[in-house]
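Here, each number is a calculation from the coordinates, and none is a lab measurement. These numbers were taken from a predicted model, which means no experiment stands behind them. Counting neighbours? That spans all protein chains shown, and the Cβs are built from the backbone with ideal geometry, glycine included.
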Amino acid sequence: MRHKTRTIYAGGVPIGGDSPVSVQSMCNTDTRDTLKTLNQIRELEYAGCELVRLAVPDKTAALTLKDIAEQAKIPIIADIHFDYKLAILSLESGVACVRINPGNIRGKERFREVVLCAKELGRALRIGVNAGSLEQDLLDKYGVSAASIVTSAKRAMEVAENEGFTNYKVSLKSSSVPLTVQAYLEFAKDTDVPLHIGITEAGGERTGTIRSAVGIGSLLLNGIGDTVRVSLTADPVREIDAAWDILAAAGVRKRKVEIISCPTCGRTEVDLISIANRVESECQNIKSQNGLTVAVMGCVVNGPGEAKEADFGVACGKGCGVIFAKGDIIKKTEENNLVEELMKTVRENMDA
Ligand code: SF4
């Protein structure tokens, strides 16, 4: 069951409550370059990104946000470290949300100024705790631990709540998967604040995806998480693909076709690896809000069962395959036409 949180809004995107778990990423362009940044935002949006974060390293970047926020179709989140004045400038430039790291903003009063500005302008904040930049007194007391991460967030929350500001979410990130999961579980015990989840500095595409899948997946299966960012040392579009795959695997939200394929074995009598790869690649461009499943199976052991259970499927035999649609056998096809015939069946019947 999903952990109960209140709903906040970042622009038009609801986060928390019963809202769909949203997907976000972060541009890696020079955010002072409006054109390049807007182009990347469009690419991300096309891939399924619903909120996008931009680094704000200086005043020029904060001012450039005005043009970007006006032209982008998805809400912009400004990422602020160290300088609370950049947070205020970014809010004045029209961003929907500001991410503040309480560990490096240096003082409650500065954070309070940001809270008051967000409240006055009707914007959102993310209290984004990172295990790599915790306050020194917390490190002295608790070391790098779930206790220090959670306490850092709760301190900042207290400042916001004292000002009557509730339109904020929290993230509790660490590059350690077990520590991250532990921190979120601790935090969720006695709060209803919407949670932005992710594993920070997760690594390159393969390693980072696996670590994110384990961490984010564990949280989602515990009902925790209202918005997700997969953090990869890779093209940010890959983060969006990975985030959607994790949401689908956790049974939380679907946007793409889900492929079910067997690992192949000594019974396989077609080139199933190549067939499955081609089907997966062709399915990449099919958007499916209801989460279509396509099974690509090697033989009669589990093939007919899985192909019948999926929306579409093929159960292969010796140099051939039987194609299924919505549980029914459609046709038998030779191996060299299998992918074309299966994809034709998917396209003709997917909205039926
Ligand atoms: S479905 Fe058939 S070919 Fe595929 S792994 Fe299972 S037994 Fe092997």
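Treating only the Cβ of Lys, Arg, Asp and Glu as charged (+1, +1, -1, -1), what charge dipole size does segment 258-349 show about its Cα centre? Round to the nearest 20 debye.
120
Tell me the Kirkwood hydrodynamic radius of segment 24-118 in angstroms, computed as one over the mean inverse distance between distinct C-alpha pairs.
For segment 24-118, the Kirkwood estimate is 13.1 Å.
To one decimal place, what orientation-averaged projected area in nm² is obtained for the convex hull of the Cα set of segment 219-352?
9.2
Among all the aspartates and glutamates, which ones have a C-alpha under 16 Å from Lys4's C-alpha, if same-chain residues fewer than 8 places away are not counted?
Of all the aspartates and glutamates, those that pass the test against Lys4 - Cα under 16 Å, at least 8 places apart if same chain - are Asp18, Glu186, Asp190, Asp192, Asp226.
Kindly express, to the nearest 10 degrees and within the range 0 to 90, the angle between helix 34-47's C-alpha long axis and the longest C-alpha principal axis of the chain.
For 34-47 against the chain, the angle is about 40 degrees.
From the phi angles alone, apply the Karplus equation (6.51, -1.76, 1.60; θ = phi - 60°) to segment 192-200 and give each ³J(HN,Hα) in whole Hz, x where the residue is Gly or Pro.
Taking θ as phi minus 60°, the curve returns 10, 7, x, 10, 8, 10, x, 9, 7 Hz for segment 192-200.
Which one of Met343, Asn277, Pro304 is farthest out on the positive end of the charge dipole of segment 258-349, using unit charges on Cβ (Lys, Arg +1; Asp, Glu -1) and the Cα centre as origin?
Comparing the listed Cα positions along the dipole, Pro304 ranks first.
What Kirkwood radius, in Å to one decimal, follows from the Cα pairs of the chain?
One over the average 1/r among Cα pairs gives 21.7 Å for the chain.
Using 0.36 nm per residue, how much length does the chain from Lys308 to Lys141 gain when fully extended, once their Cα-Cα distance is taken away?
This chain segment gains 54.3 nm when fully extended.
If each residue's Cβ is checked for other Cβ atoms within 10 Å, how do Tyr84, Tyr184, Tyr142, Tyr46 rank with the fewest at the top?
Tyr46, Tyr142, Tyr84, Tyr184
Give me Cys265, Cys299, Cys97 ranked fewest to most by other Cβ atoms within 10 Å of their Cβ, as a rough exposure proxy.
Ranking Cys265, Cys299, Cys97 by Cβ neighbours within 10 Å, fewest first, gives Cys265, Cys299, Cys97.
Which percentage, to the nearest 5, of the DSSP beta bridges contained in the chain is antiparallel? Mind showing how you got there, number by number?
Numbers: 15 of 50 bridges.
Expressed as a percentage, antiparallel bridges in the chain total about 30.
Just to check I understand the Karplus step: with θ = phi - 60° and J = 6.51 cos²θ - 1.76 cosθ + 1.60, what whole-Hz values come out for segment 251-256, glycine and proline as x?
Using θ = phi - 60°, the values come out as x, 8, 7, 10, 9, 10 Hz.
Using only Cα atoms and rounding to the nearest 10 degrees, what angle (0 to 90) does helix 108-121 make with the longest principal axis of the chain?
70
Give me, ordered by chain and number, the residues 5 or more places off Gly203 or on other chains with an amide H under 5 Å from its own placed amide H.
Amide H neighbours of Gly203: Thr233.
So what is the relative contact order for the chain, in percent, with contacts set as C-alpha pairs under 8 Å and at least six apart?
13
Sequence-distant or interchain residues sharing an amide H contact under 5 Å with Ser171, placed H: which?
Ile127, Gly128, Val129, His196
Starting from the Cα coordinates of segment 220-270, work out the convex hull volume and express it per residue in Å³.
For segment 220-270, the hull spanned by Cα atoms encloses 142 Å³ per residue.
In terms of Cα to Cα distance under 16 Å, which aspartates and glutamates are near enough to Lys332, apart from those fewer than 8 places away along the same chain?
Glu269, Glu340, Glu341
Is any residue of segment 278-297 close enough, with backbone N under 16 Å, to a label point placed 7 angstrom from the Cα of Thr264 along the Cα-Cβ axis, and if so, which?
278-281, 296-297
Compute the angle between helix 236-249 and the longest alpha-carbon principal axis of the chain, please, reported from 0 to 90 degrees and rounded to the nearest 10.
70
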